[in-house]
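A short write-up of the structure that comes next.
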Amino acid sequence: MQAVRRAERKEPMETESLTIEGRNAVIEAYRSGRTIDKLYILENCHDGPVMTVKREAKKQNTPVKYVTKERLDQLSQTGKHQGVIACAAAYAYAEVEEILSRAREAGEPPFIILLDNIEDPHNLGAIIRTANLAGAHGVIIPRNRAVGLTATVARTSAGALNYTPVARVTNLGRTIEDLKKEGLWFVCADMEGTVLYDLDLRGPIGLVIGSEGEGVGRMVREKCDFAASIPMKGKIDSLNASVAAGVLAYEIVRQRMG
């Protein structure tokens, strides 16, 4: 559900014990198998160690952002970034198949929450917490233009990350198409959609929640089978993404219980 637009959209950067600074440190993090959510590299820097970092990032499909020295200095905790800062995941990501396996093991139709470019770590953490409490078998997030599993996300989830798998995919639309082959159908949060209480939300389902600013993107929305809206009686026209996810998730719970 589209949320109130923020006055200023800044790229999220988690700096709490999850940043890795310096060329060799980042290279070793990659080679040790550490999951890197995002990489910041000094623009126009092409020396040997930086090229090695870029090659490792390409192997891992890590989003890379080229920034000025002033920006790196601002992000750095040590002051010794050497033109490279990596933002590492606080938790390991799951595979989509692991989420489906959890549903099969529980003998339940899959219930998956998919998030289209959620940038606020507090929203992501709150949605993971809701997913756990609502009995969702997992959460799927995109690799690019979205916050990863940072320390803030882990804290906000209140421990739910220990129990609810989160998969990260390159293309959310393609993932929806693949999951449709597994029998899932998809409903997205959209202010112009059918009122959620008038929809049949039982069976194997994927609930798609959009970003805080723009809602579900057009290409992802077109992959969904239905759009659901939440009735609103107040003076503002949208809900916070995590609140919208909670309302929709618990309507799915209510219908499943019924």
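The values are calculated or read from the model by the stated rules, or taken from the named source; none is laboratory data. All of these numbers come straight from a predicted model, not from anything done at the bench. Every residue, glycine as well, gets a Cβ built from its backbone with ideal geometry; the counts of neighbours run over all protein chains shown. Surface areas here come from the heavy atoms of the whole protein model, side chains and all, with no ligands, DNA or RNA. Shrake-Rupley method; radii C 1.70, N 1.55, O 1.52, S 1.80 Å.
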- Note on the structure: Within the stretch 223-242, the residues that are free of Cβ contacts under 8 Å to residues at least 12 places away in the same chain and either within 18 Å of residue 113 (Cβ to Cβ) or not basic (Lys, Arg) (or both) are 232, 234
- Task: Identify all residues within the stretch 141-178 that are open to solvent by 20 Å² or more (accessible area, probe 1.4 Å), over 14 Å from the mean Cα position of the chain (by Cα) and in contact (Cβ under 8 Å) with a residue 60 or more places away in the chain; write none if there are none.
- Result: 178
- In the stretch 55-84, what count of residues is obtained for those that are touching a strand residue (DSSP E or B) at 6+ places or on another chain (Cβ under 8 Å), surrounded by fewer than 16 Cβ atoms within 10 Å (Cβ to Cβ) and basic (Lys, Arg)? 3
- Pick from the stretch 27-41 the residues that are among the charged types (D, E, K, R) and farther than 23 Å from residue 142 by Cβ: which of them is least open to solvent (accessible area, probe 1.4 Å)? 28
- Message: Restricting to the stretch 56-109, count the residues that are farther than 30 Å from residue 182 by Cβ, assigned to a helix (DSSP H, G or I) and touching a helix residue (DSSP H, G or I) at 6+ places or on another chain (Cβ under 9 Å).
- Response: 2
- Residue hits (the stretch 59-75; of a type in the set (Ser, Thr, Tyr) and under 24 Å from the mean Cα position of the chain (by Cα)) are 62, 66
- Query: Can you name the condition, by its number, that residue 90 falls short on among (1) of a type in the set (Gly, Ala, Ser); (2) surrounded by 12 or more Cβ atoms within 10 Å (Cβ to Cβ); (3) over 18 Å from the mean Cα position of the chain (by Cα)?
  - Reply: (3)
- Note on the structure: For the stretch 156-178 the number of residues that are touching a Gly at 6+ places or on another chain (Cβ under 7 Å) and either farther than 18 Å from residue 209 by Cβ or in a loop (DSSP other than H, G, I, E, B) (or both) is 3
- Query: Out of the stretch 42-54, which residues are assigned to a helix (DSSP H, G or I), under 27 Å from residue 117 (Cβ atoms) and either open to solvent by 60 Å² or more (accessible area, probe 1.4 Å) or touching a Lys or Arg at 6+ places or on another chain (Cβ under 9 Å) (or both)?
  - Reply: 53
- Could you please let me know if residue 82 is at positive phi and not aliphatic (A, V, I, L, M)? yes
- Query: Tally time: how many residues in the stretch 104-140 are open to solvent by 10 Å² or more (accessible area, probe 1.4 Å), hydrophobic (A, V, I, L, M, F, W, C) and in contact with a His (Cβ under 7 Å, 6 or more places away or on another chain)?
  - Reply: 0
- Message: Any residue in the stretch 49-68 that is within 16 Å of residue 145 (Cβ to Cβ) sitting within a Cβ distance under 8 Å of a residue that is surrounded by fewer than 16 Cβ atoms within 10 Å (Cβ to Cβ) and hydroxyl-bearing (Ser, Thr, Tyr)? List the pairs, counting only those 6 or more apart or interchain.
- Response: 61/170
